[in-house]
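Single-structure report; data block below.
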Amino acid sequence: MPNVGQLGRFRRPAYAAAAAVGLFGTLLVPSAAQAHGWDWNWHKPKTEDLQILAINDLHGNLEPPAGSSGNIKEVDPATGKVVDTPAGGMEYLATALRQAREGHRNTVTVAAGDLVGASPLVSALFHDEPTIEALNKVGLDVTSVGNHEFDEGSKELLRLQNGGCHPTDGCYEKGRKFKGADFDYLAANVTDEKTGRPILKPYWVKNVGGVRVGFIGATLEGTPNIVTAEGIKGLKFGDEIETINKYAKELKRQGVDSIVALIHEGGYPASTTYNYDCGAAGQGISGPIVDIAKGLDPAIGAIVTGHTHNAYACSIPDPKGELRSVTSAASFGRLYTEINLKLDKRSGAIVRPSVTAANHVVRRSVEKAADITTLIGRYSKLAAPIANRPLGFIGADINGRGSSAYEKPLGDVIADGQLAGLAPAAKGGAQIAFMNPGGIRSDLVFKASAAEGDGVVTYGEAFTVQPFTNMMQVKTLTGAQVVQLLKEQVSGLNLAAPKILQNSKGLTYTLDLNKTGADRVPADSVKLNGAPIDLAASYRVAANEFLAGGGDGFPTFAAGTDKLVGASDLDLFAAYLGANSTATAPLVVPAQDRIKVIGIGEDVN
């Protein structure tokens, strides 16, 4: 009997078929063999399977996220209604990823940025070392950087990659030195202004059954608009399409024809349910990622994204009009994406029709990963004296991140706290305070998270809401500039994706969704303490240093004068909770009567 390698030499089909029957126990005619990924001429697999597991925007959420941040919307198969399902927590994510890898010879775990930054206290207190250690244990292979990886500057990002104790706080446990990330951070479009070179690797290549697969990582070009100037000092952020295509060509010159892009930029699906079908050609998704996906080199076989905290597994046409998978796994470890594809062993390319992608809920019904439980317990013990300190009391949930309203209840509370703390003349004489909506990272939840009791707000819980500890500033702006700020919410850099500021009590205005751009905020609707704002008068306006510096697309803030630097946003938030609530008179949910909304429009939060 001839061996498998000899079968392709036989010219008589009947003899070859008989040999095939004798070898395999079943007759494999050419079409059937091809369907099973076998080359009839050479009798060996012509493709190699690859599983890619992806996450994004973890933001240091080691413990299950509280409130609405810990839920995923899905359709209940029994009722057909949309329900909120508790999800997330690194202990459960670790188990889910490990189970997903079972039975897959070739598997890679990737991420699309913002794994750290804006993190809860148990990670942030230790400069996110716990999250990096957890991701090492989970088996992350590679990730792109996100904007939040630059919250503490590029030097700190490099420390997270390479290891070493914190330059100021040192090591946190005797005899234990932080070793850094086992996975690679990629920053193709983040370059040093002086050298023009990427500050980290632009891509990572893995050999999969003889096929080399390249992963290119990039963050959004607009990172400087959403990170403090100090955090991105000395860095330049390039165009996503131009940069990724540049490195795709470089990889192809090296013989790497299977390419996946990891991009910290995303889209907005038409539905918030995690498994929403975007349509055959991605008609059900909008946002920056759509144009980016349409412009990326067709050699890129799949695109993993993040940043918008949305869930989707869509198909968007490439420059040749062929559909390509584009995915995102929401945020906070509540989902992971599973992508399965075939690699052509002859051409070295991804077989585009073979690519399938789906998001999976990280349900808390699975067994916790014991090694992650131990890690969280170790750091929680170190953080406990600070995290468990009570600050104030609430009578019901006060939603921030979880609110879909233009005016968020927790946004009102935060802005009022900033105004109260900075209104005294010696503190800045603030008359108005503004809070950027993206800086509100969670909700205040009435139900106790540990032993503190229902309604008690601990320092750890307040920190989760306001994790940046930005210093506050008070500046002088004219009434015309205040109106311009409100118009910048829905125009300029925020035209496509509006950002509605959260404002302190006393300031009211109309948001007319029947109009477009800056006209959505009529100047004559803006009032302070019931009186029309005087366009020529001067007002003292408070905001955190990020917003006051023109961040989030509000350049008018940067034009303010007579700057006075105050306490941190977290200190003011904590002080306000303590001064305005007791166990018998807890803080109530604000009335949300500061922004009068006219018309029906998309949710801009």
Name the pairs: first residue in the stretch 410-436 and under 18 Å from Gln481 (Cβ atoms) and at pLDDT 95 or above, second residue charged (D, E, K, R) and open to solvent by 20 Å² or more (accessible area, probe 1.4 Å), Cβ to Cβ under 6 Å, at least 6 apart or on different chains?
Gly429/Arg540; Ala430/Arg540; Gln431/Arg540
Step by step: first the residues of the stretch 446-472, then only those that are modelled with pLDDT of 95 or more and among the β-branched types (Val, Ile, Thr), then the one that is nearest to Leu547 (Cα to Cα). Which residue is that?
Val465
For the list (1) assigned to a loop (DSSP other than H, G, I, E, B); (2) of a type outside the set (Asp, Glu); (3) touching a Gly at 6+ places or on another chain (Cβ under 6 Å), I need the number of the one condition that Val457 fails.
(1)
Pairs where the first residue, in the stretch 296-325, is free of Cβ contacts under 8 Å to residues at least 24 places away in the same chain and the second is assigned to a loop (DSSP other than H, G, I, E, B) and open to solvent by 30 Å² or more (accessible area, probe 1.4 Å), C-beta under 8 Å, 6+ apart
Lys320/Pro298
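Determine whether the stretch 189-198 contains at least one residue that is among the polar types (S, T, N, Q), more than 15 Å from His264 (Cβ to Cβ), outside any loop (DSSP other than H, G, I, E, B) and over 21 Å from the mean Cα position of the chain (by Cα).
Step one: of the stretch 189-198, the residues among the polar types (S, T, N, Q) are 189, 191, 195.
Then keep just the ones that are more than 15 Å from His264 (Cβ to Cβ); that gives 191, 195.
Checking the rest, the ones that are also outside any loop (DSSP other than H, G, I, E, B) come to 191.
Restricting the remaining residues to those that are over 21 Å from the mean Cα position of the chain (by Cα) gives 191.
Checked the stretch 189-198: at least one residue is among the polar types (S, T, N, Q), more than 15 Å from His264 (Cβ to Cβ), outside any loop (DSSP other than H, G, I, E, B) and over 21 Å from the mean Cα position of the chain (by Cα).
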Mind checking which pairs have a first residue in the stretch 570-591 that is over 13 Å from Gln418 (Cα atoms) and a second that is polar (S, T, N, Q), Cβ under 8 Å, 6 or more apart or different chains?
Leu587/Asn580; Leu587/Ser581
Kindly establish whether Lys206 is of a type in the set (D, E, K, R), farther than 30 Å from Ala497 by Cα and touching a strand residue (DSSP E or B) at 6+ places or on another chain (Cβ under 6 Å).
yes
Quick check: is even one residue across the stretch 424-433 under 17 Å from Lys596 (Cβ atoms) and under 29 Å from the mean Cα position of the chain (by Cα)?
no
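Here is a yes/no grid of residues against (1) farther than 27 Å from Met435 by Cα; (2) surrounded by fewer than 22 Cβ atoms within 10 Å (Cβ to Cβ):
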{"site": "Ile232", "(1), (2)": "no, yes"}
{"site": "Pro269", "(1), (2)": "no, no"}
{"site": "Tyr274", "(1), (2)": "yes, no"}
{"site": "Ala280", "(1), (2)": "yes, yes"}
{"site": "Ile292", "(1), (2)": "yes, no"}
Quick check on the stretch 469-479. Is at least one of its residues open to solvent by 10 Å² or more (accessible area, probe 1.4 Å) and among the small types (Gly, Ala, Ser)?
no
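Given Ala54, Ala118, which one is in contact with a His (Cβ under 7 Å, 6 or more places away or on another chain) and touching a residue at least 12 places away in the same chain (Cβ under 8 Å)?
Ala118
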So for the stretch 228-243 (the condition being over 23 Å from Phe150 (Cα atoms) and either in a loop (DSSP other than H, G, I, E, B) or of a type in the set (Lys, Arg) (or both)), does at least one residue qualify?
no
Quick check on Glu149: is it within 18 Å of the chain's Cα centre (by Cα) and either among the small types (Gly, Ala, Ser) or not in a loop (DSSP other than H, G, I, E, B) (or both)?
yes
Can you name the residue in the stretch 352-401 that is buried (at least 21 other Cβ atoms within 10 Å of the Cβ) and among the polar types (S, T, N, Q) and is also nearest to Gly439 (Cα to Cα) among such residues?
Asn399
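I'd like to check which strands (runs of 3 or more DSSP E) are fully inside the stretch 482-599 and have at least 3 residues that are crowded, with 19+ Cβ neighbours inside 10 Å.
507-512, 538-544
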Looking only at the stretch 411-429, which residues are of a type in the set (Gly, Ala, Ser), open to solvent by 10 Å² or more (accessible area, probe 1.4 Å) and touching a strand residue (DSSP E or B) at 6+ places or on another chain (Cβ under 9 Å)?
Ala420, Gly421, Ala423, Gly429
Kindly provide the set of residues from the stretch 239-267 that are touching a residue at least 60 places away in the same chain (Cβ under 8 Å) and either more than 19 Å from Gly113 (Cβ to Cβ) or under 15 Å from the mean Cα position of the chain (by Cα) (or both), ordered by number.
Gly255, Val256, Asp257, Ser258, Leu262, Ile263, His264, Gly266, Gly267
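The values are calculated or read from the model by the stated rules, or taken from the named source; none is laboratory data. Small disclaimer: the values here were computed from a predicted structure and weren't measured. Virtual Cβ from ideal backbone geometry, glycine too; neighbours counted across all protein chains shown. For the accessible areas, the whole protein counts, side chains as well, though only heavy atoms, and no ligand, DNA or RNA atoms are used. Shrake-Rupley method; radii C 1.70, N 1.55, O 1.52, S 1.80 Å.
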